[in-house]
Amino acid sequence: MTNTKERAEAVINLSNIEHNFLEIKKFTGNKKIICVIKANAYGHGAADLGKLYEKLGADILAVACIDEALQLREACIRTPVMILGPTPPELAEVLSDNGIIQTVPSLEYAQHLDAVLREENKKLSVHIKLDTGMTRLGIYAHKSHIEAAADEAEKITKLTFLSSDGIFTHFSEAESEDTAFTEEQLDCFLRVVDILEKRGKTFEFCHCANSAGVVNYKKAHLSCIRPGLILYGLSPTERPVSGLDLRPAMTFRSRIADIRHIKKGDAISYNRRFTANRDMKIAVVSCGYGDGFHRTLSGKAACLIRGKRAPILGNICMDLFLADVSEIPEASLFDEVVLFGAQNGEYISPDELSRLAGTISYELLTSISKRVVRTYITDPA
């Protein structure tokens, strides 16, 4: 480990993230790019990644809420920051003063923002969100309501204290091999945009391509793209990404805290879910679900020790888990343990672990807790 005092560490390779950023820019024909760094940059550290994307020329940084946006400003990041979720209208002045872009999902919400800003005589940049099928946030713009959606969006563009600089939607299943619904969403979005253009309203930022949209729908790149997971080197689908050389950026690792020699018949960890059928050598590892290593991986996953897979035994605890090193006789106290990432030519991917946990890699990455130290390296793969 970089620091021998750390019990659990996420090592983030900034060179790989820079490589991914440039690959995405090349793949999309140098489109404007909104880098999604919500949820602490998918666990990679929002302030450090925000500074990197700013250096690389990102057009906008996207976060989930005002607290995340203000943390970037506190880190002296000056790139425009966009909030993808709702912000209480009474905070409109804070948004304006900090140069933050607010997502607007309805005319009613926009009017509340406009009323607050009117009192302070301040303006706020906004991006109008259309709901084209996600049925979550946004102006209802399903295929039977295109004209009404355009009418509502147009009214937002006419509010005095809001500057409608962007318009966007979010794909529900762009990672799916069945393209029909995504094609329908894209068509709905473009029809609304076309109506607004005919009425004289254009947008600097017109975007709908999330990571899966970037990869699978080149015609959805439009004037701007909005990648998240692929910036961090992982595929948004269950298949390798074609045409993009992505490099995983994070290694999640810990260390052996103790070596135990247990006897046949011994039960280990909470609820005695594993009982030894032979004498065994067990490594106690200083990481657990309190660090973001999911308890659902108990008895399913393996970790890497000395470049070999060591099966995880029994229930994963809050701060520790146990691994079988009976077949790794050289394993010893304080050895590095890789939960996902590479070690001595072997590799465990976040995708592999997320499948075993019954979730997705997004959740695996964003679950890594604050007590896990983030270490940043520049080491081209």
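Points worth noting:
- Neighbours by Cβ (under 6 Å, 6+ apart or cross-chain): first from region 80-100, in a loop (DSSP other than H, G, I, E, B); second open to solvent by less than 30 Å² (accessible area, probe 1.4 Å) and of a type in the set (G, A, S): L84/A62
- Only listed residue being at pLDDT 95 or above and over 22 Å from F340 (Cβ atoms), chosen from K308, K300, K263: K263
- Within region 365-380, tally of residues that are closer than 18 Å to A41 by Cα and touching a strand residue (DSSP E or B) at 6+ places or on another chain (Cβ under 8 Å): 10
- I328 vs. criteria closer than 26 Å to L49 by Cβ, open to solvent by less than 20 Å² (accessible area, probe 1.4 Å) and part of a loop (DSSP other than H, G, I, E, B): no
The rows are residues; the columns are (1) surrounded by 23 or more Cβ atoms within 10 Å (Cβ to Cβ); (2) small (G, A, S); (3) within 18 Å of the chain's Cα centre (by Cα); (4) within 25 Å of D165 (Cα to Cα).
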{"residue": "L14", "(1), (2), (3), (4)": "no, no, yes, no"}
{"residue": "A41", "(1), (2), (3), (4)": "yes, yes, yes, yes"}
{"residue": "G45", "(1), (2), (3), (4)": "no, yes, yes, no"}
{"residue": "Y53", "(1), (2), (3), (4)": "yes, no, yes, yes"}
{"residue": "V63", "(1), (2), (3), (4)": "yes, no, yes, yes"}
{"residue": "E68", "(1), (2), (3), (4)": "no, no, yes, yes"}
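- Hey, K281 under 29 Å from the mean Cα position of the chain (by Cα) and either surrounded by fewer than 17 Cβ atoms within 10 Å (Cβ to Cβ) or not in a loop (DSSP other than H, G, I, E, B) (or both) or not: no
- S144 vs. criteria assigned to a strand (DSSP E or B), open to solvent by 10 Å² or more (accessible area, probe 1.4 Å) and without any contact (Cβ under 8 Å) to a residue 60 or more places away in the chain: no
- Tally, over region 1-58, of residues that are within 21 Å of I368 (Cα to Cα), at pLDDT 95 or above, of a type in the set (D, E, K, R) and not in a helix (DSSP H, G or I): 1
The values are calculated or read from the model by the stated rules, or taken from the named source; none is laboratory data. Keep in mind that what you see is a predicted model, and the values were worked out from it rather than measured. Here the Cβ is made from the backbone with ideal geometry for all residues, glycine too, and neighbour counts use every protein chain on show. These accessible areas exclude ligands, DNA and RNA; they are computed on the full protein's heavy atoms, side chains included. Shrake-Rupley method; radii C 1.70, N 1.55, O 1.52, S 1.80 Å.
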